[in-house]
Amino acid sequence: GPKVLQIPSHQIIDMGQMVTLNCDPVSNHLYFYWYKQILGQQMEFLVNFYNGKVMEKSKLFKDQFSVERPDGSYFTLKIQPTALEDSAVYFCASSPDWGGAGEQYFGPGTRLTVL
Amino acid sequence: QQQVRQSPQSLTVWEGETAILNCSYEDSTFDYFPWYWQFPRESPALLIAIRPVSNKKEDGRFTIFFNKREKKLSLHITDSQPGDSATYFCAATQVVGQLTFGRGTRLQVYA
């Protein structure tokens, strides 16, 4: 089936540094999402993105977070500067349309460790 | 406050038994409930979903039972197979595009 890829699978950085998480969504999908999962807890919605713009974001999407998809390349989540509480697994998802809210295709996640 | 709760946290059944995974939610405006499953080192994938207009949705060995009044739903896996061993996430959405997830139930099916 359709696959969402995420690069890298693991990332370890020092607190205060910048990190960019990359997502390669399904090729014909138009809507993109980021979710955050702290160990032992549920996945939580961060942000969704369409047509070059953030559509909705949660309270977890701090000012230090930003997303973009320049020229149809990777959909990225940038955190600058990072904090210890940003350590989590970040899942990217994409969907073909807005109506298929449940039909989001997820990537395998990027495990971010902030030291 | 958890909007979507799942129980049990982990479940073990023998091959051929029926596994029952429970989910409850707080917000009555949720109107779409997908279940995702995730195998180790793989992505969560959509398994089956239901809307509140129905109280039952069946797909092969997987059935969702939905009780809107009690804000509860359950996923029944009949004739469980070792290949069904995975973590199952109940999710809900009220705003198109935002999924609210439970913490998951880890299912182990022994042969």
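General remarks:
- Residues satisfying the stated conditions in segment B:6-18, i.e. closer than 30 Å to residue B:97 by Cβ, assigned to a strand (DSSP E or B) and open to solvent by 50 Å² or more (accessible area, probe 1.4 Å): B:7
- Residue within segment A:46-61 that is among the aliphatic types (A, V, I, L, M), open to solvent by less than 10 Å² (accessible area, probe 1.4 Å) and within 14 Å of chain B (Cβ to nearest Cβ) present: yes
- Any hit, segment A:87-102, residues being within 12 Å of another protein chain (Cβ to nearest Cβ), open to solvent by 10 Å² or more (accessible area, probe 1.4 Å), touching a residue at least 24 places away in the same chain (Cβ under 8 Å) and within 18 Å of residue B:42 (Cα to Cα): yes
- Scanning segment B:58-111 for residues that are within 15 Å of residue B:22 (Cβ to Cβ), free of Cβ contacts under 8 Å to residues at least 60 places away in the same chain and of a type in the set (Val, Ile, Thr) yields a count of 4.
- If you filter segment A:1-24 down to residues that are part of a strand (DSSP E or B), surrounded by 12 or more Cβ atoms within 10 Å (Cβ to Cβ) and within 14 Å of chain B (Cβ to nearest Cβ), you find that the one that is nearest to the chain's Cα centre (by Cα) is A:23.
- Only a single item in (1) touching a strand residue (DSSP E or B) at 6+ places or on another chain (Cβ under 7 Å); (2) open to solvent by 40 Å² or more (accessible area, probe 1.4 Å); (3) over 17 Å from residue A:90 (Cβ atoms) is not met by residue A:69, and it is number (3).
- Index of the failed condition, residue A:29 passing every other in (1) within 30 Å of residue B:33 (Cβ to Cβ); (2) of a type outside the set (D, E, K, R); (3) open to solvent by less than 20 Å² (accessible area, probe 1.4 Å); (4) under 14 Å from the mean Cα position of the chain (by Cα): (4)
The values are calculated or read from the model by the stated rules, or taken from the named source; none is laboratory data. Computed from a predicted model, the values in this text were never measured in an experiment. No Cβ is skipped: glycine too gets one built from the backbone with ideal geometry, and neighbour counts run over all protein chains shown. To get the accessible areas, we keep the full protein, side chains included, count just its heavy atoms, and leave off ligands, DNA and RNA. Shrake-Rupley method; radii C 1.70, N 1.55, O 1.52, S 1.80 Å.
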